[in-house]
Structures are given as C-alpha cells and as structure tokens.
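Asks: Mind having a look at this structure? Questions to follow.
None of the figures in this text is laboratory data; all of them are computed from the coordinates on show. Keep in mind it's a predicted model, so treat the numbers as computed, not measured. Heads up, the Cβs are rebuilt from the backbone with ideal geometry, glycines too, and the neighbour counts pull from every protein chain shown.
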2 protein chains.
Amino acid sequence: MGKGPKSRPLRASDRAARVQMPIIPTVAEWIAQTPGTISLGQGVVHYGPPPAALRKIPAFLADRAQHKYVPDAGLPRLRKAFEEKLRAENGIDAPFARRILVTAGANQGFLNALLCICDPGDEVVLLSPYYFNHEMAAGLAGCRAVCVPTDRNYQPRLAKVEAAITGRTRAVVTVSPNNPSGAVYPRETLLAINRLCAARGIYHISDEAYEYFTYDGAAHFSPGSGGRGAHTISLFSMSKSYGMASWRVGFLVVPEHLFDDMMKVQDTVIICAPAVSQAVALEALAAGRRYCLRRLPAIARVRERMLGALSRIPGLLTVPPSRGAFYFLVKVRSVMDDLTLAERLIREHKVAVIPGGTFGIGKGCSLRISYGNLASEAALEGTRRLVRGLKAILGG
Amino acid sequence: MGKGPKSRPLRASDRAARVQMPIIPTVAEWIAQTPGTISLGQGVVHYGPPPAALRKIPAFLADRAQHKYVPDAGLPRLRKAFEEKLRAENGIDAPFARRILVTAGANQGFLNALLCICDPGDEVVLLSPYYFNHEMAAGLAGCRAVCVPTDRNYQPRLAKVEAAITGRTRAVVTVSPNNPSGAVYPRETLLAINRLCAARGIYHISDEAYEYFTYDGAAHFSPGSGGRGAHTISLFSMSKSYGMASWRVGFLVVPEHLFDDMMKVQDTVIICAPAVSQAVALEALAAGRRYCLRRLPAIARVRERMLGALSRIPGLLTVPPSRGAFYFLVKVRSVMDDLTLAERLIREHKVAVIPGGTFGIGKGCSLRISYGNLASEAALEGTRRLVRGLKAILGG
C-alpha cells in the first residue's frame, strides 16, 4: 500500500480556494462580539411567514407519507399554485409539470441552473456589482464569471454586455430589483438583454427574488413573460416576500427543453426541497402577494427617512438611485478599505452594513445598507449610528 | 445586436446530459399509473420522526428570529449535540465549530464535499454497484467517477481500489452499510481503505446514512474514528434513522483544514439547512438512537421472512449476503433488461423494485429490493407478488 503516484497534498480544490469567503458569517461574528449592534446588514425582512400558514403544519405532518421523500420537483399542488401566480402576476405561461421546480431556496436554484446549462470552462455574464453567491456559484461550477460593470446608477450598459459575450458564454444573469444596489431595471432594458440572449443563442437567467419590493412608482418586469420562456430561466424565492428565509423555498422556472436534465440535477443536489417548508409555502401563496404588499408601506417609510438622513451628508457619501429591494449601495468618499470600515462601524459604533468589495466593487469604498429587517425606530437609530460612525471614522 | 460569435445551440450542458435520469421519479410514475402497487422500491423507512420532536415545532416558530437565516453551518446546539453523538457512538472526535456542518440531506453534503476537494477533471473512486446519486454528483461536479467493482458478495477488493488510484484521484468513497447492496464492510476493510487513502494523500469519503441498520451481528464501523479525521470526510443523515427523509437534514464531518472552504460551498449551495428541520432534528437526537433501534426488530423480522421467500426460488435468483441497510440486491437469472423487468413487475404484478443498472451494474439482471418502508404484512404481500411476478415473467 502507498505505492504508485502521489496525489497533490490534502487541501481544498482550487475552485473552492479561489471563491471568496462568504461575508455574512464574517459580519455575523463581528456582530456577535459586539452586543447591542443594530444590523443594516443581511438581506432579510422583519416579518415571518403568514401565521395562518404555520397553523396548518400539524395537519400536514399528521399524514405520515409527508415524512418520506416528496416528488423531486416539488409538491404538485404547490407547483400548480405557482404556475397560476406566474400567469396572473408575471405574464409567464409555464405549465408546472414541464417547467417549474421547487428548490431549497433561490441559491440552490441558481446552482441547479448553472450545472444544467454550463460545462466547466464555460462563461456566465454577471452585471457588477453582483450578488456574491452568483459569482461564487459560477466558480464552484467550474465556470468563469465574466463581470460587466453597470453604469453610475447601477443600470446595465447593453453594449458592454454584448461585448462580453463570447463563444463560451452560456448565459447572462440579471437581478431586478437588484441585490446589492436596489436598482430596478426598466422593462426596455430587460427586454433588450433578453433579445440579445435570444439572438446569440444563450440563456437569460432572471433572478426575481425581490419582485414585490419596488418604490416610487418603479414597476417589476419579468423577462420570461410574453412567450420568452424558451431561453429564459426565472428564479423566485419565498425568503423575502413571505418572510421565509430560514425555510428554504424557491422556484426555478426553466425552458421545457431543460426540464428532464434539470430533474437530474435536482435529484442529485437535494432530492426534494423540505416538505414541511413546501406545505407552508403553499399556504403562504394562498395568502398571496397582499401579505407582502401590506407590509411594504412601512418598509417604504423607513426607506424614505433613511434616504433623507443619508442625503444630508453629501460630503461623506453619495446614494445612487435605488427604487427596489431594500438596499442602498452607497459610495463613501474615502480611500479606506470597505472591509475595515465595516468592521470599525460595528466595533466602534454598533451598526452593521456590508462592505462593497464582496459584490465585486473593485475600486472606491462602498457599503450596502439594508432596511428590510427592522421596525422603523431601530432602523432610524441604526442610520443615526451609521452617520455618526462615518463622521467619526472619516472625519466628516 | 445578434452579431458576434454564435454559441452552441440552446441545450443542456454535456455534464447534465451525460448524467443518468434519476430512477426514483421514473419508478414513481409507473407506480402512480398502477394503483395498488406495493413499493419495495425507494429507500425509506415506514415510520416518521419522534412525535415529541414534532410537538416542539410551535415553540421554535414562536421565536421570529428563527424565520430569518440561521447560521450557515447549522444551529450551534444541533451541531454540539451531533458532536456528542459522534464521540459517544462513533468514536469520532470532531469539535463542531471547526468540523461539523448541517446540510439539507446527505446528498447535498456529498456534493459539497466534491466541490470542496475536487477540481473539474479530477477523479473520485466509487465502489460499484454504487449509490446512483454519488455517480451523478461526480458527473455534475465535472469529475470522473472511476468505478471499481466489488466482489460477488459486494465487498470491496482492496487491490482493485488501489490500482484505480491515479494522480488525479482526490477521494475514495465507501458506503457502509451499503446502498444498494446491504453489504456491511468489516472494520478491517474500512481501515485498510482509510490507510490506503492516507498513504496516497487523498480523502476517504465515508457515507454512514444507514449506520444503525445492521442485522445478524454485523457491526457498523466509522473510518473517521480514532484520530483518522484529518483525511476522512464522514456523511450522516437523519432521513433513515429518524424517519425524516422529507425534512432534509444531514451532517457533514470534515477535516479541520477544509472547514473554511466548506463554508463557502455551503453558503453558495444552500445558505443554511432549513431551520425548522434542524429544530426537529435536535429534538430527535435527544430521543437518540433508541428511537431507531426500537424499530429495528420489526424491520429485521420483515427482512428474515423476505429472505426466506427469496431463498426458495434459487432457480430464479440468488441473494448475496446483506447484513445492513434495508436492501437486498438480488441477481436474477435472466437475460432480460432489468429496466424492462422492473416496469413489467409494476404494470403486471403491482410490485415495485429498482433495476440494478441504475447502480452501475452493467451485466446481468439485478434488482434492488427495499424492506424498510412497509409494515410486515404489506412487505410480505409485496414479496409474494415479486416471486409470483418473476415466475410469470421469466417462466420459473
């Protein structure tokens, strides 16, 4: 034993080693070490799932069959309900039996999509600043994330997107409303990207986790609507809209020609999304988007007041337009490293935000500020600490 | 728009296209089309989680923080409880903070492991017949599954395993008690494989999802025990032992030097395992292995009687030794394609089993028979149908 060729030493794969450390656990640790910190960090809402949905859990669990595996693609009733939601709200016509899968969150859905359409070495176009897990997933799938910077308002630059497409490109990814910038892409922009993908024979992956979170008249648009589903992969999530982050339920809407191969990926990665979570999601969908929309005015008020406070310190930072999700991605006038700044804001001023570097912002000092997680008073106290902290640290 | 290089047509990736179709949904569809079918197919137990664990759900959900994301690696209390279980039952000394992650089932844990230690083009040694999702995961990770046939009793052949290791090999995978064969590998065999991996500087991935399911004096052994955790990745699951298949909870025990990179993978694939499932798992662990072991004698009785019935038709099939899990992987004396045989058994005789081809058995006609899912009477009626069906179809 022990003869023969020796492998490389025991260590992680290059693809894992190259991927960035996830920022959220790092920030969470700083917060844990600094009791009393107000978090404007992680992207979560302040409310939980509909109470009526939770009350149905015991009845669901009383059926012993529900503890065994449920169908890979998800509970048929849940998929059917989502098919109806897509048709009514998004203009997407996607028969569930051949186009809809329930995933354990939209992250798993995105990884599924990459594994299903990309081979190692293929390229995926991301608009930067990007949602960090998309860039990480591309790396772990053995693909190359080709990052195309958005403009100063965090809007896509179509010519740059087009120029980034090569013979190895398999998809362009858009996130609207956007994480981390809060930008909502206009219908025309999304249609142009979608047409570009069609013309070049690649997929358009559209992440719509924040679809209900728009403000100041901004309107969400689903690029997979209007019969554009043959090359559009759409991702949705229950995490934000229905306060179900820890339950891990998302939806993956795929072109019909990918469905069988996607089932292979789904079976391998997760077998099925957790059944109890699917049962709660079904009841939450019955409550409908009203559940989220009723909570939106309060979030919008927090947003307004936070925006007001941030706008009063133009010498310290600028706030590009953000009419969606629950983020501001502000540009701080400082040469300080944003990771250092974020750590000092927690340790010295008890307020947590996310440093821009994690979203692929290579130059300048940016911070993502999240306002979905807090009731009004806490959010405003957090904003006060942020303004005070920035002044103290940066000497504004 | 539409100028520039044209990509290949819209279709699935080669890696997805090459992966086999998952057999379970296929068989499930045949069963759905044949009402009254008794399933000796899918690998599930007949019982659900501890009722006391389910009763704790409302108290857990009353804490609104539990609906937000929970820590990527899992609830600290659950990981701590599993650390204690590993030390007490498995002889594995794995401080949870640096070595244990909760995954959404052992499948996700296995994919995590591959992404964390293998680059595209790397090789993973599987013993065949293999657990199909392991082979599928290797393909989707862009790796090559190098399959080493076991002997006629489904036991590993060490020299063949050693001969299969090349400079690209990153791990040898063992599953004991085995799915699909039910073989329990002796301690000496597992130690020899583990030493071989150490000598060659590669990982040993040990899937122990069926650890409690042994019969006739067979004993489970954890190769990661006794300080061998620096190159051993151990996988566990709540799905079988605690009847929690649909809840998606598994455990991934990794060498400490992989932990940080594994957290990147975990964050990207799933963020965190579903919180409610983790809460139930914590209570289930409090009930302890007794919960499973109390149910084992009934399963063992089904096994005995099924074994008796199958042994009475030596002209039709042979039953290699199986002292673990809840499977027999029988060799049918027929030139018939096993997929065809499995379909006919359902459609004509209303009994479902899994064709051997899905486990990488390339020659001969094999069927996997599962006996964990049924109360005694149904299992015996299923066995009668199977014997009757085989006689009718094969003319025994």
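Asks: Among A:S239, B:A59, A:S222, whose Cα projects farthest towards the positive end of the dipole of the protein assembly as shown, with charges put on the beta-carbon of Lys, Arg (+1) and Asp, Glu (-1)?
Replies: So the residue we want is B:A59.
Asks: Nothing charged except the Cβ atoms of Lys and Arg (+1) and of Asp and Glu (-1): what's the magnitude of the dipole of the range A:143-227 about its Cα centre? Round to the nearest 20 debye.
Replies: 480
Asks: In Å and whole numbers, how far do the C-alpha atoms of the range A:37-112 stretch along each principal axis, longest first?
Replies: Extents along the principal axes: 46, 36, 26 Å.
Asks: Also, quick follow-up: Considering only the label points, 7 Å along Cα→Cβ from Cα, what distances in nm to one decimal separate B:D216 from the same position in each other copy, shortest first?
Replies: 7.4
Asks: Between copies, how far does the label point of A:A59 sit from its twins, in nm, shortest first, when each point is 7 Å from Cα along Cα→Cβ?
Replies: Here the equivalent label points are 2.6 nm apart from this one.
Asks: Can you give me the Cα centroid spacing of the range B:173-191 and the range B:100-128 in angstrom?
Replies: Here the two parts' Cα centres lie 18 Å apart.
Asks: Can you work out the base-10 log of I(q)/I(0) for the range A:232-384 at q = 0.09 1/Å, using the Debye formula on its C-alpha atoms alone?
Replies: So the normalised log intensities are -0.43.
Asks: Same structure, new question: Would you pull out the residues with amide H under 5 Å of A:I205's amide H, same chain only if 5 or more places away, H placed 1.01 Å from N?
Replies: Amide H to amide H, under 5 Å and 5 or more residues apart or across chains, A:I205 pairs with A:V172, A:V173, A:T174, A:I233.
Asks: Next question, about the same structure. Count the net charge of all other residues whose Cβ sits under 14 Å from the Cβ of A:E29, scoring Lys and Arg as +1 and Asp and Glu as -1.
Replies: Residues near A:E29 contribute -2 overall.
Asks: Just want to confirm a number: the relative contact order over the range B:51-287, from Cα pairs under 8 angstrom separated by 6+ residues, in percent.
Replies: 29
Asks: In the range B:209-251, whose amide N lies under 18 Å from the spot 7 Å out along Cα-to-Cβ of B:A378? List them in ranges.
Replies: Only B:240-247 pass the distance filter.
Asks: If you place +1 on the Cβ of every Lys and Arg, -1 on the Cβ of every Asp and Glu, and leave all else neutral, what size is the dipole of chain B about its Cα centre, to the nearest 20 Debye?
Replies: Once rounded to the nearest 20, the dipole reads 620 debye.
Asks: Per residue and in Å³, how big is the convex hull formed by the alpha-carbon atoms of the range B:51-287?
Replies: Once divided by residue count, the hull of the range B:51-287 is 115 Å³.
Asks: Give me the percent of Cα-Cα pairs in the range A:1-140 that sit more than 20 Å apart, rounded to a whole number.
Replies: Percentage above 20 Å: 71.
Asks: Once a ≥ b ≥ c are taken as the square roots of the eigenvalues of the Cα gyration tensor of chain A, is the result rounded (a/c under 1.5), prolate (a/b larger than b/c) or oblate (a/b not larger than b/c)?
Replies: rounded
Asks: How much net charge surrounds A:F328 when only other residues with a Cβ under 9 Å from its Cβ are counted (Lys, Arg +1; Asp, Glu -1)?
Replies: Here the charged neighbours net out to +2.
Asks: Follow-up. At a Förster radius of 25 Å, what calculated FRET efficiency corresponds to the Cβ-Cβ distance of B:A59 and B:R289, to the nearest 0.05?
Replies: 0.55
Asks: Mind putting together the pair-distance distribution for the range B:251-292? All Cα pairs, 5 Å bins, whole percent per bin, short to long.
Replies: Bins of 5 Å from zero give 6, 18, 19, 19, 17, 15, 6, 0 percent of pairs.
Asks: When the convex hull of the Cα atoms of the protein assembly as shown is projected onto a plane and the area is averaged over all directions, what value comes out in nm²?
Replies: If you wrap the Cα atoms of the protein assembly as shown in a convex hull and average its projections, you get 31.3 nm².
Asks: Along the charge dipole of the range A:8-86, which of A:F82, A:Y69, A:P22 sits closest to the positive end, that is, farthest toward it, with unit charges on the beta carbon of Lys, Arg, Asp and Glu (+1, +1, -1, -1)?
Replies: Value computed over the given set: A:Y69.
Asks: I've got another one for you. Spelling out what I want: for every residue of the range B:197-202, take phi, set θ = phi - 60°, compute 6.51 cos²θ - 1.76 cosθ + 1.60 (Karplus), and round to whole Hz; glycine and proline get x.
Replies: Rounded to whole hertz, the list is 4, 4, 5, 9, x, 10.
Asks: Between B:T268, B:T169, B:T37, which gets the highest mean-square fluctuation from a Gaussian network model of chain B, Cα cutoff 10 Å?
Replies: Its mean-square fluctuation being the largest, the pick is B:T268.
Asks: While we're on this one: Which whole-Hz ³J(HN,Hα) couplings does the range A:207-219 yield from phi under the Karplus relation 6.51 cos²θ - 1.76 cosθ + 1.60, θ = phi - 60°, glycine and proline marked x?
Replies: The phi angles translate into 8, 10, 4, 9, 3, 7, 9, 10, 9, 6, x, 5, 10 Hz.
Asks: Evaluate peptide A:124-135: per residue, the Cβ atoms of other protein chains within 10 Å of its Cβ; return the mean as an integer.
Replies: Average per residue, whole number: 1.
Asks: A follow-up question, please. From the C-alpha gyration tensor of the range B:113-241, pull out the three semi-axes of the equivalent ellipsoid (sqrt of 5λ each), sorted largest to smallest, in whole Å.
Replies: 21, 16, 15
Asks: Here is a follow-up. Could you let me know the centre-to-centre spacing of the range A:256-291 and the range A:320-359, using Cα atoms, in angstrom?
Replies: So the two Cα centres are separated by 34 Å.
Asks: Along the positive direction of the dipole of the protein assembly as shown (beta-carbon charges: Lys, Arg +1; Asp, Glu -1; about the Cα centre), which of A:L345, B:V276, B:A145 reaches farthest?
Replies: B:V276
Asks: Listed highest first by mean packing, meaning other Cβ atoms within 10 Å per residue, what order do A:142-149, B:140-147 come in?
Replies: B:140-147, A:142-149
Asks: What residue among B:V353, B:V335, B:V319 has the largest mean-square fluctuation in a Gaussian network model of chain B, using Cα springs under 10 Å?
Replies: B:V335
Asks: Suppose every K and R has +1 on its Cβ and every D and E has -1 on its Cβ; what is the size of the dipole of the range A:51-287 about the Cα centre, in Debye to the nearest 20?
Replies: For this selection, approximately 240 debye.
Asks: In nm to one decimal, list the spacings between the B:G308 label point and its equivalents in the other copies, with label points set 7 Å along Cα to Cβ, shortest first.
Replies: The projected label point of B:G308 is separated from its counterparts by 8.2 nm.
Asks: Ok, one more. What net charge is computed for the residues neighbouring A:V161, neighbours being all others with C-beta under 13 Å from the C-beta of A:V161, Lys and Arg scored +1, Asp and Glu -1?
Replies: Net charge in that neighbourhood comes out at +1.
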